[in-house]
Amino acid sequence: MIRPFDLRDLALIRRLNDQVVTLHTEFALTNNRHPLRGAITSMLVGGQFPTYVWKAEERDAEGFVQLYLDEAGVHAHMVRTALQAEDAAAVDGLWLNLLDQLVVELGSRGVQSIIAEVNESGDELIWLRQAGVAVYTRQDIWISQQAGESNHADLFRPRQSLDDWDIQLLYAHTVPPMVQLVEPLPPLDRGESWVFREGHELAAFVHLHYGPTATWLRFFIHPNADTKIETIVAAALRLKRPHPDHPVYCCVRRYQSWLQNGLETNGFRFWNNQAVMVKHTVHRAQAVQTDLATLVKGKTVPNSSPLMQRYEQPTNSKS
């Protein structure tokens with residue numbers, strides 16, 4: 001059975017701390033919060049980081065999972081989990097039991113999908129696949145620990161509310177529709193958001209999340225931007241210079257793989273590759289129309305396709 005964490009579970013969280021598997025890279029790299037501290041904080045004040053405890057019916061296995069719920073409460077990221085069984089060889093099979101019960105619990109609370117990020121070479125990828133979790137995309141993590149010299153101008157300015165519509169359009173242009181279902185735009189009210197325009201057109205949007213131990217960097221760059229990728233990356237590093245004790249990690253989804261040369265040119269080095277996996281808690285049901293008259297009566301004119309902003313290169317006016 002699975003249930004929310006309470007004070008009876010303090011010893012369990014402490015005992016399984018050394019077996020924790022991290023499944024949310026941004027949180028793991030930017031925040032070194034102890035699992036027990038996170039569980040107690042969530043129990044006392046609530047918030048977006050609930051903890052659930054799971055125990056097998058035979059009482060021969062147990063574990064816990066900590067989540068991060070997005071602002072709308074419809075997507076749950078698995079931050080970390082730990083499992084323990086009397087038979088160590090049976091741990092891989094426990095993932096199926098834990099996830100099945102977690103899907104039921106979160107589905108009843110209105111959560112539509114569960115997301116996990118796992119190393120492509122790790123056992124967790126195999127276990128989650130066996131539990132029916134699908135790979136939606138893959139990502140590469142790059143790290144910079146020392147800023148190089150840069151003579152580039154300050155291209156970026158802080159995001160303003162007037163930029164939000166263009167940011168949404170840029171997000172729609174750069175993120176595949178299937179991934180948009182489980183990867184919303186980074187929250188504009190958390191961290192720092194910066195924009196770069198070429199003329200009146202939004203060429204790039206950068207989101208920075210500062211944590212106690214590191215900074216998390218995301219790029220959204222228009223594919224038709226005129227400025228070189230290397231220049232945009234260099235300008236972004238001026239916003240938050242990396243340090244050996246506080247590195248900058250950049251997440252590059254595979255549909256953005258063309259960013260990687262620009263990162264390497266500016267001193268980033270490859271750190272890890274991962275799979276972004278998703279398990280849906282609800283499924284779309286198709287209603288069958290058996291009465292032709294009912295079908296004709298309910299027929300309406302479909303909505304037109306949404307208008308998308310066409311990106312135009314800035315032109316130099318002649319005096």
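The values are calculated or read from the model by the stated rules, or taken from the named source; none is laboratory data. Bear in mind the structure is a predicted one, so any value in this text is a computation, not a measurement. Positions of Cβ are generated from backbone atoms using ideal geometry, with glycine treated the same way; all protein chains shown enter the neighbour counts. Remember, those area values only see protein heavy atoms, side chains included, never the ligands or the DNA or RNA. Shrake-Rupley method; radii C 1.70, N 1.55, O 1.52, S 1.80 Å.
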Quiz prompt | Cα-derived Rg over Rh, computed across the range 113-187 with Rh taken as Kirkwood radius | solution = 1.09
Quiz item: What FRET efficiency comes out for the pair residue 59/residue 112, r = Cβ-Cβ distance, R0 = 25 Å, nearest 0.05?
Solution: 0.20
Quiz item: For the range 36-111, how big is Rg over Rh, using alpha carbon atoms and the Kirkwood form of Rh?
Solution: 0.99
Practice problem: Would you work out what percent of the accessible area of the range 1-113, with all protein chains in place, is carbon or sulfur (probe 1.4 Å)? | Solution: 50
Exercise. Pull out a ≥ b ≥ c, the square roots of the eigenvalues of the alpha-carbon gyration tensor of the range 1-73, then state rounded if a/c is under 1.5, prolate if not and a/b is larger than b/c, and oblate in the remaining case.
Key: prolate
Quiz item: Fully extended, how many nm does the chain gain between residue 126 and residue 164 (0.36 nm per residue separation, minus their Cα-Cα distance)?
Solution: 9.8 nm
